[in-house]
Amino acid sequence: MQKRNKNALITTSDEERQNNSTVQARREKEQAGMEASMATASDGSISANSKESASKRAQTLPGTAEQSKEPAEPKEMVTLQIDGITVEVEKGLSLLEAARNIGINIPSLCYLKDINEIGACRVCLVEIEGQRTLQASCVYPSVDGLIVRTNTARVRKARKRTVELLLSNHHRECTTCNRNLNCELQNVADDLAIRDIEPTGEVRRYEIHDNNPAIQRDYNKCIHCRRCEAICSKMQQCHVYSAQNRGFETVIAPAFMRDLGEVACIMCGQCVIACPVGSLTDKESMSPIWEILEDPRNHVVVQTAPSIQVTLGEEFGLPVGTVVTGKMVTALRRLGFDQVFATDFAADLTIMEEAHEFIGRFEEGRLPFLTSCCPGWIKFCEHFYPQFIPNLSTCKSPMSMFGALTRFYHGKKRDIDPERLFSVAIMPCTAKKYEAARPEHSDGKRPHIDYVLTTRELAMMIRQAGIDFAKLPDSEYDSPLGEYTGAGTIFGATGGVMEAALRTAYWAMTGGKKVENSPQEEVREQTVEFREIRGQSGLKISKVRLGDHEIKVAVAHGTGNARQILEAIIAGEKIDYVEIMACPGGCVGGGGQPVLGGRDHRKISLDYRHNRSDALYNIDYSKKLRNSHENATIQNLYKTYLDHPGSEKAHKVLHTAYRARNRWS
Amino acid sequence: MTLQKIQSLEDLNSIKEKTMPYLSLRLGAFGDDRTSQEKAEALASSPYNHSIMVCAGTGCLSSNSQKVKEQLLEEINKRHLADKVEIVKTGCFGFCELGPVVVIHPGAYFYCRIQPEDVQDIFDNHIEKGQAVQRLLYKNPTTHEITETMDENKFFHPQTRIALRNCGIINPEKMDEYIARDGYRALAKVLMEMTPSEVVKTVRDSELRGRGGAGFLTGRKWAFTAAVKQDYKYVVCNADEGDPGAFMDRSILEGDPHAVLEAMAIAGYAVGASEGYIYVRAEYPIAVARLEKAIEEATQKGLLGENILGSGFNFTVEIRLGAGAFVCGEETALLRSVTGQRGEPRSRPPYPAVQGLWDKPTLLNNVETYANIPQIILQGPQWYASIGTEGSKGTKIFSLAGKINNTGLIEVPMGTTLRTIVYEIGGGIPQGKSFKAIQTGGPSGGCLPAEHLDKPIDYESLTEIGSMMGSGGLIVMDESDCMVDIARFYLEFTQDESCGKCTPCRIGTKRLLEIVNRITEGNGKLEDLEILEELGHDIQEASLCGLGQTAPNPVLSTLHYFREEFITHIQDKRCPAGVCKALSRHEIDQEKCISCSICTKHCPVKAISGERKVKPFLIDPDICTNCGICVEKCPPKAILRR
Ligand SMILES: Cc1cc2nc3c(=O)[nH]c(=O)nc-3n(C[C@H](O)[C@H](O)[C@H](O)COP(=O)(O)O)c2cc1C
Ligand code: SF4
Ligand code: SF4
Ligand code: SF4
Ligand code: FES
């Protein structure tokens, strides 16, 4: 050890001492110069992109519209080399996306664009010059000068190994799996030409969890990608899933591995469409439906939700956004349903009731008024924001209204033996299965709806029946409960309910003025002007003039966005009318919709929803009648059966009540 | 103890001057570099005739050093020696196995395994008559030679103490004693004389590398963090110390907590942070208590908090308790854990220096890394860089364990050979057995055979031969250790501790473990060895964090250096060390057995049946745990392990 001078308390040279007086000055100079030194000090691997992340974290409440008005910063571009090809991309873009830009498909499993970018599965590995180990391209940000190789022996070997390991702990029963031929794990295994799994070993076995009406959880097929966890926590903000235990025993599960029915799960099914494999699926209802269809004495009524007609085609290889209303109706008839009706009709009816209810509350000042057609949102409100229950519209959902009418109106009018009358709903939604099972939606003995099928299940039934869907001729819905306006159809997309309600409220509050068959954009301009507040289409707030009144409306989709609106209201923001849909994009993005995990849908993200909703608006646009109050069947229904919107009769048949829930029930 | 705030260098000086005489006797403990005249002066200035140091580290406290201390105090009172003899509660000496440790100054007489009953003897002879109590001094376990003082003790002799310089010398709960040892002087120097970038440059020039395992250049890390332009930054100290068997970080925190606080404040000044967090495992209650006390005292006296030493620089430190998962020591997992999330690593970049705690730039270093900083500032980077090897400067603390005579904590210059550590400091292998391997780096390290004993160890050399520095665990193995079993042990550990996030680690280490298990059970195949190597290599390449990337090291290195042993397990279905239960058994040679029944009495699991002179003595292999006690106890050596 070097000898120290005991008396010199601080070892400083004379020169240093002289500088003492200027330390403060030097320090300040240094701080000022830091900006300049930054660019040189951070090497390629440590990129200072913290600005972006900090703004991501900021929890600014809506209402501060100025924020989004800030001009977008020009994107910094960087140049890198992937497999010898020079590419220029936005700084920070993942290497996986950068490679896809130039036609290199890097296999992936845990990656779900913008939702799950965690580098967990290790399938997307690439070689980066200067890095000791292989890197996950889905999370590795592009920086200047990177040299990346995506197809070397080293990369192929490691990717293969990773998938083999996954398969070695997988209940590989493809032929009986819900996701057979539509499974990302199958795709990846096939892409990597996996023929042999070595070493094999213990395979974890768990019981199937399905103690709820909607969603089945099969842990034996889980690949721990955590897309369910991410979508539930980030997008829906219900935080149902988390990683538990360690090592080989790790599970991605609700707390204490409870069933989804025993936690604050809203049954939206977003996890089901996020899951790349067959670990999260519908709780299927196909078998009992085949059974009731088999007996000719049964009268089986089926209703189809507005969004089914724009998504069912995807299951049969048609492009996203293809309208297949006519083929769908034909298919349902061929399956043996006796009456094929449109939930769109009940959506029109909902508007009549809801617009009436809104106007009443508006006059009484009992606001904000919250829509109630989405059962996932209802359950969310009951679990997390029970204080808003009094603000919920008491209207049943269109499906449930339809179910009630099927029994109390259609059945009675046609004099059908109630025992023989069955009511089936084709829904884009797993939460509808749950809603149908709620005691509030029954007459105390029999539920309004006997069975709910998701879009996916309907497609499976059509395939089982050997129906060549693409070749089907078109046919029309049955009358009269198959008649609907464009307003009913746009219920399937976010903002649709609000727009439909405003069209009718506008008419009512302006004493009968209506927006007649003008193009959709014009209607919007005349009645509703949407003002996006955070550059995030998940949340919109606008002011709308209805006659002498100006009302403030908000539209949120995805319950994470719903939280923001509700928190803003709690914080004092005045909003009169709020539409909330639990699923991102509204019903077109519903948890019961087709899952695009197949090879044709390489782009693993959920940004196909706008195609589906465009299709809905196109239907609306092409309709002669686009306002719910113009629906003649509905006018007639009020005349002969329901009296008027909000009548006692209407309340008995069409309205419902809610209850507060805690974390476990 | 003054409650006045320390506001200047002069204040520090006056505390040092006041306190130094109390310390002057104790400085003989480690590498005393004073001249004999200085020593004599110091001795004369001391208010006491004797300083009795009682170790209050976790090891000695668990062997009840507290009782010894109470007894010593009682004895002082009884003999009215309170103004002549002081009792000092101090940090770890490193020789924990021999606890409770008591060191008596002047002379640094090293007493081991002191019981309260021994205290009277010590006073009668050592204190009153100046005669060391021979029976209580350190005795070499093989030569039975007695060593009186620490200076003569080969365990201490080759050590160079920088990070541990105050452990065993000061009372960690008295800040004044730390100040007397030049404590907070580096902080004063930094605040008064240096700009942040000069501090960074000093650390850079010292070439200090992170002691948490990866060995990243500390100065570079500080420079990165300093360079990021952000309104808010954090400094974090990693005191998770999850490596089983390593306890250097605990000892530093218990023995010299202010050194870490001072270094964190220096780091805060250098990178532009004013908030620090120490993430320490909840199983370290004594370290936590001392830290809490140190933070409180430093804050009260103005060495932490606002406007430190009038410089305008603010720095606070908070403690966060970790739940104890090994992976929480990984930096990104630790940062998540600090914010209350599940401790789970994330992929880097972005590095914590850019996006760390609450997404703000964060400087994260290990306890031992920090403990070096004040001395680097005071003695200069060139001094530090003059110690160690070309690529690894300074000293490293190792915790020495396993089949070795002297186990404990040691600090040696980088580049010390394994042989020096094992045979000189460690005193060789007990019971005349032969050295077989040394495991370095804990669960992420490897097992090295005798051929590497002369390797000067540093970060590079260990990696080169298939192991790691890791946090500095050293476990010596002798012929009675089975290398396959060692590989199994570490795989079991990493598999249990894998966070389960990424596939190669979650499933891959499980498969490795299954194969090794099969081999220890006699169901292995020769092809398995190749699979182990291939799979192990793939896990290293593909895992997300350091845990997975290094988890195969123990099995790969044993496979590399001790392949024959694996093959014997597979082909001959035999465990040469007699450890693997399925492949080894203890048997009684009936010809040699004298039917004395001693083995039956000693068998802890009652696996031996028989009756004296009536029924033959037999070992039931299903009950026997192969502990080997009977082998030792049998008078005619009739029990054999096959
Ligand atoms: C699985 C794992 C466990 C770790 N445990 C610790 C630990 O207990 N203490 C520690 O200081 N560093 C640990 N590290 C290293 C840290 O990630 C980090 O590199 C280190 O704390 C940085 O400080 P240093 O540069 O001063 O070494 C661990 C790393 C891994 C991968
Ligand atoms: S999840 Fe995919 S790979 Fe697994 S059984 Fe189902 S179809 Fe096969
Ligand atoms: S359930 Fe599906 S989405 Fe969730 S972690 Fe498992 S495989 Fe991924
Ligand atoms: S290597 Fe292991 S500990 Fe690290 S992220 Fe992967 S599973 Fe978790
Ligand atoms: S790690 Fe990149 S897709 Fe899973």
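Numbers below:
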read-out: Among the residues listed as B:PRO158, B:PRO172, the single one being touching a strand residue (DSSP E or B) at 6+ places or on another chain (Cβ under 9 Å) and within 14 Å of chain A (Cβ to nearest Cβ); value: B:PRO158
read-out: Count of residues meeting criterion [within 30 Å of A:GLN464 (Cα to Cα), in a loop (DSSP other than H, G, I, E, B) and within 16 Å of ligand 3 (Cβ to nearest atom)] in segment A:141-186; value: 10
read-out: A:THR162 within 16 Å of ligand 4 (Cβ to nearest atom) and touching a helix residue (DSSP H, G or I) at 6+ places or on another chain (Cβ under 6 Å); value: yes
read-out: Yes/no for B:ASP182 being acidic (Asp, Glu), outside any strand (DSSP E or B), more than 14 Å from every other protein chain (Cβ to nearest Cβ) and more than 30 Å from B:GLN115 (Cβ to Cβ); value: no
read-out: Output for segment A:94-103, where each listed residue is within 12 Å of A:VAL148 (Cβ to Cβ) and more than 14 Å from ligand 5 (Cβ to nearest atom); value: A:ILE102
read-out: Residue identified as in contact (Cβ under 8 Å) with a residue 40 or more places away in the chain, in contact with a helix residue (DSSP H, G or I) (Cβ under 7 Å, 6 or more places away or on another chain), farther than 20 Å from B:SER251 by Cβ and not in a helix (DSSP H, G or I) among B:PRO158, B:PRO141, B:PRO172; value: B:PRO141
read-out: Count of residues meeting criterion [more than 30 Å from A:SER279 (Cα to Cα) and either in contact (Cβ under 8 Å) with a residue 60 or more places away in the chain or part of a loop (DSSP other than H, G, I, E, B) (or both)] in segment A:104-140; value: 5
read-out: Residues satisfying the stated conditions in segment B:330-364, i.e. of a type in the set (Asp, Glu), facing chain A (nearest Cβ under 8 Å) and closer than 13 Å to B:CYS545 by Cβ; value: B:GLU344
read-out: Matching residues in segment B:494-512 - criterion: being within 7 Å of chain A (Cβ to nearest Cβ) and among the polar types (S, T, N, Q); value: B:GLN495, B:SER498, B:THR503
read-out: From the options A:LYS412, A:LYS432, residue that is among the basic types (Lys, Arg), modelled with pLDDT of 95 or more and not in a loop (DSSP other than H, G, I, E, B); value: A:LYS432
read-out: Hits in segment A:225-236 - residues which are out of contact with any helix residue (DSSP H, G or I) (no Cβ under 7 Å at 6 or more places or on another chain) and within 8 Å of ligand 3 (Cβ to nearest atom); value: A:CYS225, A:ARG226, A:GLU229
read-out: Where a residue in segment B:311-322 is at pLDDT 95 or above and its partner, wherever it lies, is in a strand (DSSP E or B) and surrounded by 16 or more Cβ atoms within 10 Å (Cβ to Cβ), with Cβ under 6 Å and at least six apart; value: B:THR316/B:GLU275; B:VAL317/B:GLY276; B:GLU318/B:TYR277; B:ILE319/B:ILE278; B:ARG320/B:TYR277; B:ARG320/B:TYR279
read-out: Scope segment B:213-238; condition modelled with pLDDT of 95 or more, out of contact with any Lys or Arg (no Cβ under 7 Å at 6 or more places or on another chain) and in a loop (DSSP other than H, G, I, E, B); matching residues; value: B:VAL228
read-out: Filter result for the condition that a residue is in a helix (DSSP H, G or I), surrounded by 24 or more Cβ atoms within 10 Å (Cβ to Cβ) and within 14 Å of chain A (Cβ to nearest Cβ), over B:ALA270, B:ALA259, B:ALA263; value: B:ALA270
read-out: Filter pass, A:ALA214 being within 13 Å of ligand 2 (Cβ to nearest atom) and either buried (at least 18 other Cβ atoms within 10 Å of the Cβ) or over 24 Å from the mean Cα position of the chain (by Cα) (or both); value: no
read-out: Single match in B:LEU512, B:LEU544, B:LEU559, B:LEU535 (criterion: within 22 Å of B:GLY446 (Cβ to Cβ) and within 16 Å of ligand 3 (Cβ to nearest atom)); value: B:LEU544
read-out: Some residue of segment B:514-537 being under 15 Å from A:LEU134 (Cβ atoms) and within 16 Å of ligand 5 (Cβ to nearest atom); value: no
read-out: Pairs where the first residue, in segment A:247-273, is within 30 Å of B:ALA551 (Cβ to Cβ) and part of a helix (DSSP H, G or I) and the second is among the small types (Gly, Ala, Ser) and more than 16 Å from ligand 2 (Cβ to nearest atom), C-beta under 8 Å, 6+ apart; value: A:GLY247/B:SER498; A:GLY247/B:GLY500; A:PHE248/B:SER498; A:PHE248/B:GLY500; A:GLU249/B:GLY500; A:ALA255/A:SER242
read-out: Pair list, Cβ under 8 Å, 6 or more apart: segment B:27-50 residue at pLDDT 85 or above, other residue of a type in the set (Asp, Glu) and surrounded by fewer than 20 Cβ atoms within 10 Å (Cβ to Cβ); value: B:PRO47/B:ASP83; B:TYR48/B:ASP83
read-out: Test for A:ARG132: is it out of contact with any helix residue (DSSP H, G or I) (no Cβ under 9 Å at 6 or more places or on another chain) and under 18 Å from B:ASP538 (Cβ atoms); value: no
read-out: Residues of segment A:235-279 that turn out to be within 14 Å of chain B (Cβ to nearest Cβ), away from ligand 5 (no atom under 16 Å from the Cβ) and farther than 16 Å from A:ASN212 by Cβ, as a count; value: 9
read-out: Tally of residues being surrounded by fewer than 23 Cβ atoms within 10 Å (Cβ to Cβ) and not in a strand (DSSP E or B) across segment B:407-417; value: 2
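Per-residue answers, yes or no, for (1) within 16 Å of ligand 1 (Cβ to nearest atom); (2) among the aliphatic types (A, V, I, L, M):
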residue	(1), (2)
B:GLY442	yes, no
B:GLY446	yes, no
B:LEU453	no, yes
B:SER461	no, no
B:GLU464	no, no
B:SER471	yes, no
B:THR494	yes, no
B:LYS501	yes, no
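Every residue, every condition in (1) of a type in the set (Val, Ile, Thr); (2) more than 30 Å from A:ASP295 (Cβ to Cβ); (3) surrounded by fewer than 19 Cβ atoms within 10 Å (Cβ to Cβ); (4) at pLDDT below 95, yes or no:
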{"residue": "A:GLY326", "(1), (2), (3), (4)": "no, no, yes, no"}
{"residue": "A:VAL329", "(1), (2), (3), (4)": "yes, no, no, no"}
{"residue": "A:VAL340", "(1), (2), (3), (4)": "yes, no, no, no"}
{"residue": "A:GLY360", "(1), (2), (3), (4)": "no, yes, yes, yes"}
{"residue": "A:GLY365", "(1), (2), (3), (4)": "no, yes, yes, yes"}
{"residue": "A:PHE369", "(1), (2), (3), (4)": "no, yes, no, no"}
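Matching residues to (1) away from chain B (no Cβ under 12 Å); (2) within 16 Å of ligand 4 (Cβ to nearest atom); (3) not in a helix (DSSP H, G or I):
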{"position": "A:ALA189", "(1), (2), (3)": "yes, no, no"}
{"position": "A:ARG195", "(1), (2), (3)": "yes, no, yes"}
{"position": "A:VAL203", "(1), (2), (3)": "no, no, yes"}
{"position": "A:PRO213", "(1), (2), (3)": "yes, no, yes"}
{"position": "A:CYS228", "(1), (2), (3)": "yes, no, no"}
{"position": "A:ILE231", "(1), (2), (3)": "yes, no, no"}
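The values are calculated or read from the model by the stated rules, or taken from the named source; none is laboratory data. In this text, all values refer to a predicted model and were calculated from it rather than measured experimentally. Because the Cβ atoms are built from the backbone with ideal geometry, glycine has one as well, and the counts that use them run over all protein chains shown.
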